[in-house]
1. Would you check if there is a residue in the stretch 390-412 being open to solvent by less than 60 Å² (accessible area, probe 1.4 Å), among the polar types (S, T, N, Q), in contact (Cβ under 8 Å) with a residue 24 or more places away in the chain and in a helix (DSSP H, G or I)?
2. So in the stretch 340-367, with the set limited to residues that are open to solvent by less than 40 Å² (accessible area, probe 1.4 Å) and among the hydrophobic types (A, V, I, L, M, F, W, C), which one is nearest to Asp378 (Cα to Cα)?
3. Inside the stretch 52-140, counting only strands (runs of 3 or more DSSP E) that do not spill past its ends, which hold 1 or more residues that are open to solvent by 60 Å² or more (accessible area, probe 1.4 Å), closer than 16 Å to Phe40 by Cα and at pLDDT 85 or above?
4. Just checking, which of Met318, Met293, Met374, Met312 is under 19 Å from the mean Cα position of the chain (by Cα), among the aliphatic types (A, V, I, L, M), at pLDDT below 90 and open to solvent by 50 Å² or more (accessible area, probe 1.4 Å)?
5. Kindly provide the set of residues from the stretch 321-344 that are modelled with pLDDT of 75 or more, part of a loop (DSSP other than H, G, I, E, B) and over 22 Å from Val384 (Cβ atoms), ordered by number.
6. Just to verify a result, which residue in the stretch 216-235, among those that are closer than 23 Å to Ala295 by Cα and polar (S, T, N, Q), is modelled with the highest pLDDT?
7. Out of Val402, Val390, Val362, I need the residue that is over 22 Å from Glu471 (Cβ atoms) and at pLDDT 90 or above. Which one?
Amino acid sequence: MDTGHPPLDLLERLRQHRTLGSVPEAELEWLVARGVPRHFEPGEFVLRAGADLSRVSLGLEVVLSGRMSTHVDRGAGERKVMEWQAGDLTGIVPFSRMTVASGNTIADTPVDTLSIAPGDFPDLIRDCPQVTAACVHMMIDRARVFRTSDLQDERMMSLGKLSAGLAHELNNPASAVARSARLVQETMHEVDRAARRLAGLGLTPDQLAAMDRLREATLAGPGTGTMSPLDRADREDGIADWMAAHGAGHVGVDALAETAVTLRDLDALAGHLEGEALAAALDWVAASCAVRMLAGQNARAGSRITDLVSAMKRLTHMDRAPVAEDIDVEQGLRDTLLVLDHKALAKSVTVTMDVPPGLPRVNAVGGELEQVWMNILDNAFDAVEEAGRVTVEVRPEGRSLVVRIIDDGPGIPPEVQDRVFDPFFTTKAPGAGTGLGLDMARAYLRRQRGDVDFESRPGRTEFRVRLPLAESRSLPA
C-alpha cells in the first residue's frame with residue numbers, strides 16, 4: 001500500500017502510543033496517511049447523547065493527548081461511566097453495531113486525536129489486521145464497562161423503588177405509633193383521675209364486684225359478627241348517649257363500643273352504683289378500654305414495621321453473599337408485593353396470589369431474583385388502570401418452576417413487542433424508567449438457566465418466568 005511520506009512527529013506519536021505502538025510500522029503509516037488530526041478544547045462536546053452515529057463526523061479516534069469522558073443519564077442525572085486518555089482508542093470502531101450515542105462525550109482537558117473515518121474501515125480491516133484486532137479488544141472492554149455501568153444503574157433504580165416503597169409503607173404504621181403513643185399518655189391521665197375519684201368514694205365489695213364484672217366483659221373481646229359502618233356508628237352513639245345520661249364523660253366511648261359490652265351490662269352496673277360513683281366507674285372502665293385499644297394499635301403498627309423491615313432485608317439479601325442458594329420463590333414474591341403495596345392502594349388494584357402448598361425451591365442468586373420480581377411487578381402496577389387487577393400464579397412444571405405475572409392493563413402495543421427486552425427501550429415517561437429492567441431481568445434469569453417471555457393483548461399481559469428447580473440443576477439440561 002502507498003501511504004506516501006507521513007509527518008514524522010505524528011508517526012512518532014503513534015510509535016509511542018500505548019495501544020498501537022507495537023503494531024507494524026506499515027500499519028502506523030497507513031493510519032497517518034488516512035487519518036485526520038482533530039483537536040478539542042476543554043468542555044467541548046466530542047459526541048452528544050442521542051446522536052445518530054451515521055451522521056456525525058466522529059470516527060475511530062486514536063487519542064494522542066489529553067483526557068475525555070463519557071457521561072450517561074439513566075434518569076437520575078448524568079454520571080461518568082468511562083474515561084479515555086492518551087494511549088487509548090475510542091469513537092466508532094469496526095464491527096460495532098452501536099447506532100446511537102448513549103451518552104455525552106466531553107473533553108476534560110485539551111485533547112488531540114487522529115480520526116479514521118468509518119468509510120475507511122473496509123480498507124483498515126484489510127490492510128491493518130493488528131490495528132483492527134486492537135479495535136475489537138477495545139470494543140469488548142468498552143462493552144463490558146458499559147454493561148457493568150448499566151447493571152449498577154439498574155440496581156440503583158431497583159433499590160430506589162424498594163426505598164420509595166418502604167418509605168410509603170412505613171409512613172402509616174410509624175404515624176400510627178406516634179399518634180397512639182400521644183393518645184395513651186393523654187388517656188392515662190383520665191384513668192388516673194377516675195381511679196382517684198373511685199378511691200375516695202369508699203365502694204363496698206358488692207360495688208367493686210359489679211365493676212369487675214363490667215371490666216371482664218370489656219376484656220372478652222370484640223362484639224360478635226361483622227357490623228357495617230352505619231351499625232357501628234349507631235352502637236357507638238347508643239353507648240355514648242347512655243353514658244352521658246348517667247354523668248360519664250366521652251373519653252373511651254369508641255373503644256368501649258369495640259368490645260362485647262352491651263347496654264344490659266351497663267344497666268347491671270347502674271343497679272349497684274349511682275351518681276358520682278357510677279360516673280367515676282364508667283369513666284375508669286371506658287378510659288381503660290381506650291388504653292388497651294391504643295396499645296393494640298401500637299402492637300399492630302409495630303408488627304407491620306417489623307414485617308416491612310424483614311421483607312426489605314430479605315429482598316436486598318443484605319446479610320448474604322451474592323451466590324446461588326435455594327430460594328423460597330413465594331416468600332420473595334410476597335415480600336415484593338408488601339413493599340409495592342402503596343402502588344396497589346393508590347390505584348385500588350386487586351392483587352391475587354395463587355400458589356399451591358409445598359412449593360419446591362429454586363436455586364438462584366437471591367438479590368438478582370428479587371430484582372426480577374420488582375421490575376415485572378412494578379411494570380404491572382404501572383400498566384393497570386384504576387381498580388385493575390394483578391394476578392401472580394406459581395406452578396411447578398416438569399423440572400422448572402413457572403411464575404406468571406398477569407395484569408389486565410391495555411397491553412403492550414404490537415409494534416413494540418419485539419423491542420421489550422432491548423436495552424434502554426421503555427414506554428414510560430422520561431426519567432420514569434431506564435429501559436434496562438427487563439433486559440437485566442432476562443440476563444439474570446439466563447445466568448441461572450432460566451428465562452422470561454410474555455404474551456400481551458388488550459386486557460391481558462402475561463409475563464412468564466421459568467426457573468429450574470433446585471434439585472434439577474445438577475441434572476443434564
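1. There is no residue in the stretch 390-412 that is open to solvent by less than 60 Å² (accessible area, probe 1.4 Å), among the polar types (S, T, N, Q), in contact (Cβ under 8 Å) with a residue 24 or more places away in the chain and in a helix (DSSP H, G or I).
2. Leu340
3. Of the strands (runs of 3 or more DSSP E) lying wholly inside the stretch 52-140, those with at least 1 residues that are open to solvent by 60 Å² or more (accessible area, probe 1.4 Å), closer than 16 Å to Phe40 by Cα and at pLDDT 85 or above span 67-73, 78-85.
4. The conditions single out Met318.
5. The one that is modelled with pLDDT of 75 or more, part of a loop (DSSP other than H, G, I, E, B) and over 22 Å from Val384 (Cβ atoms): Asp328.
6. Restricting to residues being closer than 23 Å to Ala295 by Cα and polar (S, T, N, Q), the top hit is Thr218.
7. Val390
Let's see how each residue does on (1) of a type in the set (Val, Ile, Thr); (2) at pLDDT 85 or above; (3) open to solvent by 50 Å² or more (accessible area, probe 1.4 Å):
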| residue | (1), (2), (3) |
| --- | --- |
| Met157 | no, no, no |
| Ser163 | no, no, yes |
| Leu183 | no, yes, yes |
| Ala199 | no, yes, yes |
| Thr204 | yes, yes, yes |
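The values are calculated or read from the model by the stated rules, or taken from the named source; none is laboratory data. Just so we're clear, the structure is a prediction, and the values are computed from it rather than from any experiment. Virtual Cβ from ideal backbone geometry, glycine too; neighbours counted across all protein chains shown. Side chains are part of the model used for accessible areas, which takes the heavy atoms of the whole protein and leaves out ligands, DNA and RNA. Shrake-Rupley method; radii C 1.70, N 1.55, O 1.52, S 1.80 Å.
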